[in-house]
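Since the structure comes first, as structure tokens, the remarks are kept for the end.
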Amino acid sequence: MQLYNTLERATVPFVPGNPDRVTIYLCGPTVQAEPHLGHGRSAVAFDVLRRYLEWVGHEVEFVRNVTDIDDKIIARASELRMTTEEVANEAAAAFTDAYDRLGNLRPTIEPKATEHVDEMVAAIETLIDLGHAYESQGDVYFSVRSFPDYGKLSRHNIADLRAGERAEHDDRKRDVLDFALWKSAKPGEPSWPSPWGEGRPGWHIECSVMARMYLGDGFDIHGGGTDLIFPHHENEIAQSEAATGKPFARFWMHNGMLNLSGEKMAKSTGHVVTLLGALDQWDAVAVRLFYLRTHYRKPLDYSRAALEDAEASLERLRSFRRRVPGSVEVSPRADVIERFKAAMDDDLDGAAALAVLFETVREGNSALDTGSDVSSLVAAFDEMMGVLGLTAPATLEADDGAVAALAATYGIVEGDVDDLLELRDRARQSKEWETADAIRDALIELHITIEDTADGARWHRH
RNA sequence: GGCGACGUGGCCGAGUGGCUAGGCAAGGGUCUGCAAAACCCUGAACCCGGGUUCGAUUCCCGGCGUCGCCUCCA
């Protein structure tokens, strides 16, 4: 298997340090507000990585942190007159809900920053002892020039960074590029005790500490969005490797941004489509398919049309599977699985993997039309759908109220879709096509599609 | 200004130095109640200008354009 390693700027063979336990750390969200579609993309990209690794036989330790203390959470809490804990818990619950609905497996460990402050303080002390950090007016900063490799991930060099520095000069820092490991607390802010007074950890040290604590030094894969390469991941490397002298993570994987009207979706600008909102509007599996259609490293543009396209594609997959009800017990067709693996082994080429899936559907449909055995194709289909996390049934519920209202117009009290289908069936039998078609068309308006088959009418939410 | 990514048919989107991506939409057909849904089939592309090559959408150089990072951010 080959993966693109940002550290090398190349796609290179991926061999786990320990094949029995592949270790992945993914930068999770800062829980200040509810998730948007971009967060979902990152979560899905790495969920597919994890599922694929497990499918090919690895055990995977998958850590995704929750940053539940930072300046923005504090600002939001004071704005809403809530505690930072309340803000964080509420947002974290929204993330969990949205990620579950997307069909992501839960991380094996989901550490919270606030539960690891002691370890962070210890790590900062180590950095001070080693001369890589210094205290200044209750803050502690990492000294960038003390780490010669600084810039190796983002391919920046210190001189260029200084030249392009836009941040205002802060006289507590010895160098504009130095970044905070510890921030002193202002009155009323949540804080933890430390040798430098009451305060809170800086964002970057949180990830360094939690990653090393759960996965050890030199773990396999560190992931996140491309927007985190600099400074966040660069700083994580600096802190960790300065402290230990050992490599921090072996592979760095970064997912591309989700764009809205050609521009990056970002909380800070309010330029967002919320994830939960999208999941109320579209089938969760369609949203997932929308992500997977584009290679994970490329930018992906959100649009209504793109989601509708994904929805239609998903329907093709589902209707194929509906033709062969139940589970299949035979082994999957080997050539299909081989092609699927080839696509996934090539830096998780989801789009190419989907092509294999759709080709399988076409071949399967043709075989069904001629009455050939399709069980090994269906088995392969199920395997691939499982690895991609697309097997969930339709997630959007029929609107019971609207259906009942429709039924009422035909004199049915508290009717459901099945009642309407029964009515339509009777109309069809007596060749009252207008009535039958009116019911069908009205149901389509309610996102319910009817399929007339030899065994009678079936319906599904679309 | 520095670093980086990308520009493929109507739309989305893989990939390759010469040989079919795939999806959506469109057109044709099968089935059917003339339908709907479903299924099958079909076509069309590689930003511009040079260069390397027997041959480039694919490699190299230049241009134009879009986007990301350089500040919090998945």
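Please tell me which of these pairs span more than 20 angstrom C-alpha to C-alpha: A:Lys152/A:Lys246; A:Lys112/A:Lys264; A:Lys112/A:Lys152; A:Lys152/A:Lys173; A:Lys152/A:Lys267? Over 20 Å Cα-Cα: A:Lys112/A:Lys264; A:Lys112/A:Lys152; A:Lys152/A:Lys173; A:Lys152/A:Lys267. Of the options A:Tyr25, A:Ala379, A:Leu307, report the single residue whose Cα projects farthest towards the positive end of the charge dipole of chain A (beta-carbon charges: Lys, Arg +1; Asp, Glu -1). Comparing the listed Cα positions along the dipole, A:Tyr25 ranks first.
Summing charges over neighbours of A:Val56, with a neighbour being any other residue whose Cβ is under 12 Å away from its Cβ, gives -1 when K and R count +1 and D and E count -1. Treating each Cα of the range A:210-266 as an identical point scatterer and summing with the Debye formula, the log10 of I(q)/I(0) at q = 0.25 Å⁻¹ comes to -1.00.
When nucleic acids and ligands are ignored and a 1.4 Å probe is applied, A:Cys207 ends up with an accessible area of around 0 Å².
To the nearest 20 debye, what is the magnitude of the charge dipole of chain A about its Cα centre, counting +1 on the Cβ of each Lys and Arg and -1 on the Cβ of each Asp and Glu?
Dipole about the Cα centre, nearest 20: 1060 debye.
Annotation for the range A:140-244: GluC sites (Glu not before Pro) lying in DSSP loop with at most 15 further Cβ atoms inside 10 Å of their Cβ are A:Glu165, A:Glu168, A:Glu198.
The accessible surface of chain A, taken with every protein chain in place and a 1.4 Å probe, is 48 percent carbon and sulfur. Amide H contacts under 5 Å for A:His295: A:Ala351, restricted to partners 5 or more places along the chain or on a different chain, H placed in the peptide plane at 1.01 Å from N. Note on chain A: Rg/Rh from C-alpha atoms, Kirkwood Rh, equals 1.06.
Each other residue within a Cβ distance under 12 Å of A:Val324 adds +1 if Lys or Arg and -1 if Asp or Glu, for a net charge of +2.
Classification of the range A:310-420 by its C-alpha gyration tensor yields a prolate form. The axis ratio a/c (a ≥ b ≥ c) is 1.5 or more, and a/b outweighs b/c.
In straight-distance terms, cross-link reach from A:Lys298 covers every one of the aspartates and glutamates whose alpha-carbon lies under 16 Å from its own, apart from those fewer than eight places away in the same chain; here that gives A:Asp227, A:Glu263, A:Asp346, A:Asp347, A:Asp349. For the range A:1-158, the solvent-accessible area of protein heavy atoms averages 42 Å² per residue (probe radius 1.4 Å; ligands and nucleic acids excluded).
Local charge for A:Ile237 was computed over the other residues whose Cβ lies under 10 Å away, with Lys and Arg +1 and Asp and Glu -1, and equals -3. For the range A:257-329, which GluC sites (Glu not before Pro) are in a loop by DSSP, counting at most 15 other Cβ atoms within 10 Å? Sites meeting the loop and neighbour criteria: A:Glu329. The trypsin sites (Lys or Arg not before Pro) of the range A:74-142 that DSSP puts in a loop, and whose beta carbon has at most 15 other beta carbons within 10 Å, are A:Arg81.
A simple charge model with +1 on the Cβ of Lys and Arg, -1 on the Cβ of Asp and Glu and nothing else charged puts the dipole of the range A:282-388 at about 240 debye relative to its Cα centre.
The values are calculated or read from the model by the stated rules, or taken from the named source; none is laboratory data. Keep in mind that what you see is a predicted model, and the values were worked out from it rather than measured. Reconstructed Cβ throughout: ideal geometry from the backbone, glycine too, with neighbour counts over all protein chains shown. We work out accessible area using only protein heavy atoms, side chains counted, and drop any ligands, DNA or RNA first. Shrake-Rupley method; radii C 1.70, N 1.55, O 1.52, S 1.80 Å.
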